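In what follows, a structure is listed as structure tokens, so that the remarks can point back to it.
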Amino acid sequence: MLLRLLFCCCFCFVVLTRCKKDDEKKVSGITCDGSNLTYNTGISTIINTNCNSSNCHNSGSPHGDFTSYGGLQGVIINGSFNNSVLIDQVMPQGSTLSQDQLNKIKCWVDNGYPQN
């Protein structure tokens, strides 16, 4: 019985530490440089250029309207913006964000997604 418990604990430890390392790899190289960007002072330009211009997240899009801060609220609150852009880096589809753009978005996320 004790051996089984010890095995389960070791297995859980390995699985949990492995998951953490995988997440760290996905966001490696993306760091906040300390800037205090807001949606209106830099992030909207990145989103408009990479998300709206490709007709994926423009006004009336079934994939979500990211043409305004209010349109982003849902994906900010549920965490899918952070996951898709910074962690999994699957968005934006069809283009790649530069390291500078990723760093700016990371600062914005770390600062709580300020609008103004």
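The table that follows gives values for the structure above.
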item	result
Extension reserve of the residue 87-residue 38 stretch, reckoned as 0.36 nm per residue once the Cα distance is removed	15.6 nm
C-alpha center-to-center spacing [region 91-105, region 34-87] in angstrom	11
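Throughout, read-outs are computed from the coordinates displayed, never taken from laboratory work. These numbers were taken from a predicted model, which means no experiment stands behind them.
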